[in-house]
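Report on one structure; see the data block that follows.
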Amino acid sequence: MNINLTLISQAIAFAIFIWFTASFVWPPLMNAISERQKKIEEGLAAAERSKKDLELAQARSTDTLREAREKSTEMIGGAERQAAHLVEEARAEAARIISQAREAAEGEAAVAAQRAKENLRDQVASLAVAGAEKILRREVNAQVHAELLASLKSEL
Amino acid sequence: MSTGALTPTTYINHHLSFFAKPLGEGTFWTLHVDSLLTAVLLGVVGFGFLWWVVRGATSGVPSKLQAFVELSVEFVDDQAKGIFHGDRHKFVAPLALTVFVWVLLMNAMDFLPVDIMAWVYEHVLGLSNWHSVPTADINTTFALSISVWLLMIFFSIKVKGLGGWIHELFCTPFGSNPLLWIFNLMFNLVEYVSKPLSHSLRLYGNMYAGEIIFLLLGMWAATGLVGTIFGALLGAGWAIFHILIVVLQAFIFMMLTIVYISMAHESH
């Protein structure tokens, strides 16, 4: 068990191996490992991001769907209201036309009745005058008694 | 191996001696070729494997091999992250990985059956007294711990400056009163001496003791059939337990390395 030259030679071998490991083994392996760690980290972050994106998109699609449904309900309601309104308007118009027609008919009828009445009056008057003429041929002068006859006609 | 009588002493001595090559005068100038060559081979194989996998590393879906390497590296990196506060990727974490992988591989040489390996070394490769486990050689563990110790001092001075480091030697942990300087210094010196000693001797002791127990169990086989059976059973049990020790000691050595280096970065 002597301390001898072996010690120094082993120390030199040790130094060479340390140098070798520190320059050719450790750095490339550590680079590979840290690069892989970075890749995994990025991959995880990307997955997280896309998950969030998906959630956002889902929320957005739900919103859009709900909005569309609301809008369509609104539209249906509007259309129904409009239809009801149209029907109402048509009904009112029809009533108006009917009453107008009735009024016109009534007016015409009244005018016709009036005319008939006047005709009748005229005829009665002329008939009366003719009768009276026949009776009073001699005594009555048509020209003298025209005023009297007119007042009689208006009284009829 | 088999020149002379095979006694327990020669058996153990044979297995615990190194393939030493003298390079000069005195006991210091010898080289344990077996420790050095095994350690370097294991390092080349281990770090070569890592490099080969890392070279084809992708940041996409990793292959099974890359996943395994990443798992091991992240295990080491987690330990470094827990202890060291600062940019660990520049030096501390790679250092910890180097220590862990290398020590683990060197410790794992203990799993090779001693006697079969000795036969292979001697009769196939023509190497006598070839020792398999580099970490059961105190030179290897001290080489590691003293390197870490020097790095610790280097980072202390680099982070705190030479003045800061000397200030810390004299003024911590008791306080900056001049009366306390000598106690602080002694305390710090004890700490500086004990760190590399405990660091290396813990690993060395565990590996050395593990080998000795394998050898003692192997020696039991020499006493007859019953001894052989019990020796084999207990040897298997010890080998299984040794899996824990091998990994645990590599882990402890790495953790202490990180702790020492991070302590050097922090001011008291």
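The values are calculated or read from the model by the stated rules, or taken from the named source; none is laboratory data. Fair warning: this is a prediction, and the values are worked out from it, not measured in the lab. Virtual Cβ from ideal backbone geometry, glycine too; neighbours counted across all protein chains shown. For the accessible areas, the whole protein counts, side chains as well, though only heavy atoms, and no ligand, DNA or RNA atoms are used. Shrake-Rupley method; radii C 1.70, N 1.55, O 1.52, S 1.80 Å.
Out of A:GLU108, A:GLU35, A:GLU80, A:GLU70, report the one residue that is charged (D, E, K, R) and under 30 Å from B:VAL73 (Cα atoms). Spell out the reasoning first.
Values: A:GLU108 fails: under 30 Å from B:VAL73 (Cα atoms); A:GLU80 fails: under 30 Å from B:VAL73 (Cα atoms); A:GLU70 fails: under 30 Å from B:VAL73 (Cα atoms).
Answer to the selection: A:GLU35.
Being among the charged types (D, E, K, R) and within 21 Å of the chain's Cα centre (by Cα): is that true of B:ASP87 here?
Numbers: among the charged types (D, E, K, R): yes; within 21 Å of the chain's Cα centre (by Cα): no.
Considered against the rule, which asks whether it is among the charged types (D, E, K, R) and within 21 Å of the chain's Cα centre (by Cα), B:ASP87 comes out as no.
B:LEU234: within 30 Å of A:LEU7 (Cα to Cα) and part of a helix (DSSP H, G or I), yes or no?
On the way: within 30 Å of A:LEU7 (Cα to Cα): no; part of a helix (DSSP H, G or I): yes.
Considered against the rule, which asks whether it is within 30 Å of A:LEU7 (Cα to Cα) and part of a helix (DSSP H, G or I), B:LEU234 comes out as no.
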Odd one out for B:GLY86 among (1) among the small types (Gly, Ala, Ser); (2) more than 10 Å from chain A (Cβ to nearest Cβ); (3) outside any loop (DSSP other than H, G, I, E, B): (3)
Residues that are assigned to a helix (DSSP H, G or I) and open to solvent by less than 10 Å² (accessible area, probe 1.4 Å), drawn from the stretch B:122-156: B:PRO134, B:THR135, B:ALA136, B:ASN139, B:THR140, B:THR141, B:ALA143, B:LEU144, B:SER145, B:VAL148, B:MET152, B:SER156
Check on B:VAL159, open to solvent by 60 Å² or more (accessible area, probe 1.4 Å), touching a His at 6+ places or on another chain (Cβ under 7 Å) and away from chain A (no Cβ under 14 Å): yes
Residue in the stretch B:199-232 that is surrounded by the fewest Cβ atoms within 10 Å (Cβ to Cβ), counting only those that are closer than 30 Å to B:PHE154 by Cα and either of a type in the set (D, E, K, R) or free of Cβ contacts under 8 Å to residues at least 12 places away in the same chain (or both): B:GLY205
Failed item in (1) within 11 Å of the chain's Cα centre (by Cα); (2) more than 9 Å from chain A (Cβ to nearest Cβ); (3) of a type in the set (A, V, I, L, M, F, W, C), with B:PHE142 passing the rest: (2)
Test: B:VAL92 is of a type in the set (Val, Ile, Thr), closer than 18 Å to A:PHE24 by Cβ and either more than 9 Å from every other protein chain (Cβ to nearest Cβ) or open to solvent by 30 Å² or more (accessible area, probe 1.4 Å) (or both): yes
Residue selected from the stretch B:22-55 under the condition more than 9 Å from chain A (Cβ to nearest Cβ) and touching a Ser or Thr at 6+ places or on another chain (Cβ under 8 Å), by the criterion modelled with the highest pLDDT: B:THR38
Residue match in the stretch B:60-80 (condition: open to solvent by less than 30 Å² (accessible area, probe 1.4 Å), over 17 Å from the mean Cα position of the chain (by Cα), within 12 Å of chain A (Cβ to nearest Cβ) and farther than 20 Å from A:PHE20 by Cα): yes
Some residue of the stretch B:113-125 being at the interface with chain A (Cβ under 10 Å from one of its Cβ atoms) and among the charged types (D, E, K, R): no
Qualifying positions in the stretch A:1-32 - among the small types (Gly, Ala, Ser) and at the interface with chain B (Cβ under 7 Å from one of its Cβ atoms): A:SER9, A:ALA11, A:ALA13, A:ALA15, A:ALA22, A:ALA32
Residues of the stretch B:171-189 that turn out to be open to solvent by 70 Å² or more (accessible area, probe 1.4 Å) and more than 14 Å from B:MET263 (Cβ to Cβ), as a count: 11
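Quick check, is B:SER128 of a type in the set (S, T, N, Q), at pLDDT below 85 and within 26 Å of the chain's Cα centre (by Cα)?
Details: of a type in the set (S, T, N, Q): yes; at pLDDT below 85: yes; within 26 Å of the chain's Cα centre (by Cα): yes.
Considered against the rule, which asks whether it is of a type in the set (S, T, N, Q), at pLDDT below 85 and within 26 Å of the chain's Cα centre (by Cα), B:SER128 comes out as yes.
Out of A:GLU118, A:GLU35, which single residue is within 14 Å of another protein chain (Cβ to nearest Cβ), acidic (Asp, Glu), more than 49 Å from the chain's Cα centre (by Cα) and part of a helix (DSSP H, G or I)?
On the way: A:GLU118 fails: within 14 Å of another protein chain (Cβ to nearest Cβ).
Exactly one of A:GLU118, A:GLU35 is within 14 Å of another protein chain (Cβ to nearest Cβ), acidic (Asp, Glu), more than 49 Å from the chain's Cα centre (by Cα) and part of a helix (DSSP H, G or I), namely A:GLU35.
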